[in-house]
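Down below is the structure, laid out as structure tokens.
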Amino acid sequence: MPSPSSSKPAKPLHALRERLRLGRGTVAVVPLLWLGLFFGLPFLIIARISLSEVVIGLPPYSDLLSWAEDGMLQLRLNFANFMLLWQDSLYLDAFINSLRVAATATLICLLIGYPMALGITRVRESLRVPLLMLVILPFWTSFLIRIYAWIGILKGNGLINNLLLGLGLIDEPLALLHTDFAVYLGIVYAYLPFMVLPLYATLSRMDHSLLEAAADLGCRPLSAFWRVTVPLSLPGIVAGSLLVFVPAVGEFVVPDLLGGPDSLMIGKVLWTEFFNNRDWPVATAVAVALLALLVVPVLLFERFREKEQDA
Amino acid sequence: MMRRPSLVFSLLAFGYAFLYAPIVSLIVYSFNESRLVTVWAGFSTKWYTSLLQNEQLLGAAWVSLRIAVMNATLAVVLGTLAGTALVRFGRFRGRSALALMVGAPLVMPDVILGLASLLLFVAMEQLIGWPAGRGMTTITIAHVTFSMAYVAVIVQSRLVRLDPSLEEAAMDLGARPWKVFFVITLPLIAPALAAGWLLAFTLSLDDLVIASFTSGPGASTLPMVVYSSVRLGVSPEINALASIMVGLVTLGIVIAGVIMQRRAADAR
Amino acid sequence: MAGPRPQLGAWQDPSAAPLVEIRNVTKTFGEHYAVDDVSLAIYPGEFFSLLGASGCGKTTLLRMLAGFEKPDKGSVLIGGEDVTAVPPYSRPVNMMFQSYALFPHLSVADNIAFGLRQDRVPRAEVNERVAEMLRLVRLDGYARRKPDQLSGGQRQRVALARALVKQPKLLLLDEPLGALDRKLREHTQFELVNLQERLGITFVMVTHDQEEAMTMSTRMAVMNEGRIRQIGTPAEIYEYPSNRFVAGFIGAVNQFEGRVTEQLDEGLTVHCESAGTDLRVHAQHEVAPGTPVAVVVRPEKVRIFAEQPPPCDNGLSGKVEEIAYLGDVSIYHVRVAGGVLIEAQLTNRARRAAAPLTWGDQAWVCWNADDAVALLE
């Protein structure tokens, strides 16, 4: 019987290679084009609008390029929007406050999330997946509604105040809603799963015999935790912290629903400038500044992901 | 730490209580007769009835569902292409650009993504007249742009764990590259694709900020309607809605779990 | 170990046309030369092994035959046809992967049928040939199983069946026995060799295990740092290594560096400082006096005595430093006057017959000039 594979004639080579290249090309080009158009390009537009003046009309911003009277093409860059950000304490305060809230919330997430992730790695194997699912499940329900739930709990005649009043611990309702406390609570609550999952991923990959080796070498459990477990879970700590910190800096829903008039966060400022004041140039300037602030952590996150991928 | 597992476990219990207390309170109060959260006035399902008569919420839910399905489907296609290119093609021109654009939306604040998409749509409309106005199409495009990144990451991590000699073996046995992808790669990463689809679906259904930026008149999504009603205060109808959502998600996860366990049992 | 095969090899027949020809092939990965100007001819019916440590380029060479890697320079011919740029799916070659690469979502039968289905073989014939392959690898009852329901040895046989069912001209095996435990591996070695002889398909195998290569191959190529260091039958390579690398890589060896002092008809005399004496070696080529060479001799060719033996070509004396009992043989390390350690092997039957030697004893070692080789490279 003739070999079926040998009876197949070799195709003309260049045509074949062309086809391969075409196939491979489409695979990479389609997502590249989509992301370039709908994700990359907009940032150029943001940069452009942030350098223009607000005008009445649609779109409500001036052109950067215009024809001057002598026929020369004129480029008018307007840095006033950025000057405003620097001079008006509202924006600067909002930036600093966002960073502070995000950093604190990240730390609290880490403090709650680490023991949770560690706890899940220590239970019976059959319980791990269900416990992990329970961490993820709230994430699948609406973010907005989960934040909304806290309004009912925190407000003046809400659950906590009713409980405390009923127990006679306080005489009049505590102001819990519309405070910075509520904002911290909301962010920690909303982003906790993003901390637990990467932590669990690194902790569960850790070889348990490392702790036994540490113990064998005379290391007490607590010091083994600090010297072995924590350093080895560092990748998870970094990933989790960035996944919480970066989106939290620009968070809008939580400060809007749970925060008070003073709990200024930059995401909310951007929203207000855009929807209420309709000042697109200032809104985009805020966005540019926010991006500049996040470039370092985002790149850090990227490098980290690449490294994980190689590992 | 190991000597005192009780400490870890009490912290674990605290974490779960923290995660679930608000959700449980929502569900409990969705059955409250009174409009006030403060007072328990007896069991009632009237808020579910009135929810089902709320044309605005139902309409918005329908809009959201259609966007979410479109988005999830497109995001799976694009995200799979991106993830495959990143893992399987070695170095090619545009790789680092693709990697950056796949990673960045994962951590980019919603307000920036929303603002960026809107400004693009405005500029495009000015230049080429498309998209004319904003609505479901623009929301879907903006959603696909960020949710395909999540799909790409899921596909990437699955492909990295996939033995490349499986694809080589198929090719060695005479299958051409596209055929290898459809006959070998795709079936093997199917669970990842399903997970990616569900994630993209949920992200879209859940999004308020990006939708608010990129939506136009007549295309209000469910979160947008919920948001405007929530800003006015606690509403038992929203509690009912939340309970239904939690119920559906739980049901979905339980079913998925049962299916997965069956599969595992079959494989034994 | 199976001895060298009795039949005359095709490589010795000047009229035979090679099945595989690798011509001046070079492949780099970045700065690193994975394969460096390699030429090689493999003849129909051979069981050819590429032997070397990991990273020596053997796997890259095999993957070039399969079509997964394209050489930077040079060409690959199969059956006289240049296939350098032919993609894997159009080559008359099949491969058995180190990981077996069985498709986990397909049953055993579907795995084996996969290649036939790509060629649109009629269904009835597919079924027939799959059944035939299942019989051949003794997995008749396992057609419906999934790969994860099989043992390691069964998976290995499915992988073999899947690669053989298309009746390729050439079967490539990448460490085919690497994942099996020792006992099963030895058994499977013979099975593979028998199968190859029965089917008459040319096998090219990559392995890092020299014993495996020696047992199974008709010929083998020893590779190091992207180059082929020697090609030959297992016996040739073992008995007559052509350079220091091959001598040291295959089996244990005593090696003495020295210079040629004179060439007589029957051999060379080599002055070796480390041995503390002149050594006599059988000469294959003419070597000018003063040339630096290495004299190598296998431990099993070195005889050891407790008393001064009758004179022989090379006789040295020293002290026993180490004795290792390996069951079938014992190994003695003797430190001689020049300072070098000489390894001698004694079968334990001979050991019992000879006078007992123990640590610190004075001992004499000697070997024939014909049993040693002088290496220039």
Problem set entry | Conditions (1) at pLDDT 85 or above; (2) more than 12 Å from chain B (Cβ to nearest Cβ); (3) closer than 24 Å to A:Lys307 by Cβ; number of the one not met by A:Asp207 | (1)
Exercise. Inside the stretch A:267-311, can you point out the residues that are under 18 Å from A:Gln87 (Cα atoms) and under 14 Å from the mean Cα position of the chain (by Cα)?
Worked result: A:Leu290, A:Leu293
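Out of curiosity, is C:Phe256 closer than 23 Å to C:Gln345 by Cβ and either modelled with pLDDT of 95 or more or touching a Cys at 6+ places or on another chain (Cβ under 7 Å) (or both)?
Values: closer than 23 Å to C:Gln345 by Cβ: yes; either modelled with pLDDT of 95 or more or touching a Cys at 6+ places or on another chain (Cβ under 7 Å) (or both): yes.
Yes.
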Problem set entry | Tally of residues being more than 13 Å from C:Ala41 (Cβ to Cβ) and touching a Ser or Thr at 6+ places or on another chain (Cβ under 7 Å) across the stretch C:76-85 | 2
Exercise. Any chance the stretch C:164-174 includes a residue that's in a helix (DSSP H, G or I), within 14 Å of chain A (Cβ to nearest Cβ), of a type in the set (A, V, I, L, M) and surrounded by fewer than 20 Cβ atoms within 10 Å (Cβ to Cβ)?
Worked result: no
For this session: Assess whether B:Leu119 counts as being under 30 Å from A:Ser50 (Cα atoms), crowded, with 24+ Cβ neighbours inside 10 Å and either modelled with pLDDT of 95 or more or of a type in the set (A, V, I, L, M) (or both).
Result: yes
Exercise. So which residues in the stretch B:137-157 are more than 9 Å from every other protein chain (Cβ to nearest Cβ) and surrounded by fewer than 19 Cβ atoms within 10 Å (Cβ to Cβ), if there are any at all?
Worked result: B:Thr137
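Could you list, in sequence order, the residues of the stretch C:294-317 that are within 25 Å of the chain's Cα centre (by Cα) and in a strand (DSSP E or B)? Give the steps one after another, and end with the answer.
Taking the stretch C:294-317 first, the residues within 25 Å of the chain's Cα centre (by Cα) are C:294-302.
If the condition is that a residue be within 25 Å of the chain's Cα centre (by Cα) and in a strand (DSSP E or B), then C:Ala294, C:Val295, C:Val296, C:Val297 are the ones that fit.
For every residue, the table says whether it meets (1) more than 27 Å from the chain's Cα centre (by Cα); (2) part of a helix (DSSP H, G or I); (3) without any contact (Cβ under 8 Å) to a residue 12 or more places away in the chain; (4) surrounded by fewer than 19 Cβ atoms within 10 Å (Cβ to Cβ).
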{"site": "A:Leu144", "(1), (2), (3), (4)": "no, yes, no, no"}
{"site": "A:Ala149", "(1), (2), (3), (4)": "no, yes, yes, no"}
{"site": "A:Asp171", "(1), (2), (3), (4)": "yes, no, yes, yes"}
{"site": "A:Ala182", "(1), (2), (3), (4)": "no, yes, no, no"}
{"site": "A:Thr202", "(1), (2), (3), (4)": "no, yes, no, no"}
{"site": "A:Phe225", "(1), (2), (3), (4)": "yes, yes, yes, yes"}
{"site": "A:Pro231", "(1), (2), (3), (4)": "no, yes, yes, yes"}
{"site": "A:Ala248", "(1), (2), (3), (4)": "no, yes, no, no"}
Problem set entry | Index of the failed condition, B:Ala132 passing every other in (1) of a type in the set (Gly, Ala, Ser); (2) surrounded by fewer than 20 Cβ atoms within 10 Å (Cβ to Cβ); (3) away from chain C (no Cβ under 14 Å); (4) not in a loop (DSSP other than H, G, I, E, B) | (4)
Exercise. Does C:Ile323 satisfy the criteria of being at pLDDT 85 or above, over 27 Å from the mean Cα position of the chain (by Cα) and more than 22 Å from C:Glu273 (Cα to Cα)?
Worked result: yes
For this session: For residues that are out of contact with any helix residue (DSSP H, G or I) (no Cβ under 6 Å at 6 or more places or on another chain), within 27 Å of B:Tyr227 (Cα to Cα) and part of a loop (DSSP other than H, G, I, E, B), scanning just the stretch A:151-169, find the one that is nearest to the other protein chains (Cβ to nearest Cβ).
Result: A:Asn157
For this session: Run B:Phe181 past the list (1) within 12 Å of chain A (Cβ to nearest Cβ); (2) buried (at least 21 other Cβ atoms within 10 Å of the Cβ); (3) in contact (Cβ under 8 Å) with a residue 60 or more places away in the chain and report the number of the one that doesn't hold.
Result: (2)
Seminar exercise, completed: All-but-one check, A:Gly236 against (1) buried (at least 21 other Cβ atoms within 10 Å of the Cβ); (2) within 11 Å of chain B (Cβ to nearest Cβ); (3) over 27 Å from A:Tyr148 (Cβ atoms), failing number (2)
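Can you name every one of the helices (runs of 4 or more DSSP H) wholly within the stretch B:1-118 that holds 1 or more residues which are of a type in the set (D, E, K, R), closer than 19 Å to B:Ile141 by Cα and more than 9 Å from chain A (Cβ to nearest Cβ)? Can you show your working first?
Values: elements: B:5-30, B:46-52, B:55-88, B:95-107.
Those helices (runs of 4 or more DSSP H) span B:55-88.
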Exercise. In the stretch C:61-98, which residues are within 12 Å of another protein chain (Cβ to nearest Cβ), part of a loop (DSSP other than H, G, I, E, B) and more than 19 Å from C:Gly200 (Cα to Cα)?
Worked result: C:Gly67, C:Phe68, C:Glu69, C:Lys70, C:Val83, C:Thr84, C:Ala85, C:Val86, C:Pro87, C:Phe97, C:Gln98
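When you look at C:Ala101, is it touching a residue at least 12 places away in the same chain (Cβ under 8 Å), surrounded by 14 or more Cβ atoms within 10 Å (Cβ to Cβ), small (Gly, Ala, Ser) and within 9 Å of chain B (Cβ to nearest Cβ), yes or no?
Values: touching a residue at least 12 places away in the same chain (Cβ under 8 Å): yes; surrounded by 14 or more Cβ atoms within 10 Å (Cβ to Cβ): yes; small (Gly, Ala, Ser): yes; within 9 Å of chain B (Cβ to nearest Cβ): yes.
For C:Ala101, the condition - touching a residue at least 12 places away in the same chain (Cβ under 8 Å), surrounded by 14 or more Cβ atoms within 10 Å (Cβ to Cβ), small (Gly, Ala, Ser) and within 9 Å of chain B (Cβ to nearest Cβ) - is met.
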Exercise. Among the residues of the stretch C:51-60, is there at least one that is at pLDDT below 95, assigned to a helix (DSSP H, G or I) and of a type in the set (Lys, Arg)?
Worked result: yes
Seminar exercise, completed: Conditions (1) surrounded by fewer than 21 Cβ atoms within 10 Å (Cβ to Cβ); (2) more than 10 Å from chain B (Cβ to nearest Cβ) -> A:Pro130 fails only (2)
Exercise. Among (1) in contact (Cβ under 8 Å) with a residue 12 or more places away in the chain; (2) over 30 Å from the mean Cα position of the chain (by Cα); (3) under 20 Å from A:Ile151 (Cα atoms), where does B:Tyr29 come up short?
Worked result: (2)
For this session: Of all residues in the stretch B:220-267, count the ones that are modelled with pLDDT of 85 or more and not in a helix (DSSP H, G or I).
Result: 2
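Hey, can you tell me all the residues within the stretch B:121-136 that are without any contact (Cβ under 8 Å) to a residue 24 or more places away in the chain and touching a Ser or Thr at 6+ places or on another chain (Cβ under 9 Å)?
Start the filter on the stretch B:121-136 by keeping residues that are without any contact (Cβ under 8 Å) to a residue 24 or more places away in the chain, which leaves B:122-132.
Hit for the stretch B:121-136 is B:Pro131, nothing else.
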For this session: Identify the single condition in (1) under 20 Å from A:Pro247 (Cβ atoms); (2) out of contact with any Lys or Arg (no Cβ under 9 Å at 6 or more places or on another chain); (3) of a type in the set (A, V, I, L, M) that B:Ile141 does not satisfy, given that it satisfies every other one.
Result: (1)
For this session: Report whether or not B:Pro187 is within 14 Å of chain C (Cβ to nearest Cβ) and surrounded by fewer than 19 Cβ atoms within 10 Å (Cβ to Cβ).
Result: yes
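In the set B:Ser243, B:Ser215, B:Ser228, which member is more than 28 Å from B:Val39 (Cα to Cα), out of contact with any Asp or Glu (no Cβ under 7 Å at 6 or more places or on another chain) and of a type outside the set (A, V, I, L, M, F, W, C)?
Values: B:Ser243 fails: more than 28 Å from B:Val39 (Cα to Cα); B:Ser228 fails: more than 28 Å from B:Val39 (Cα to Cα).
Exactly one residue qualifies, and that residue is B:Ser215.
The values are calculated or read from the model by the stated rules, or taken from the named source; none is laboratory data. Please read these numbers as outputs of a predicted model, since none were measured by experiment. Positions of Cβ are generated from backbone atoms using ideal geometry, with glycine treated the same way; all protein chains shown enter the neighbour counts.
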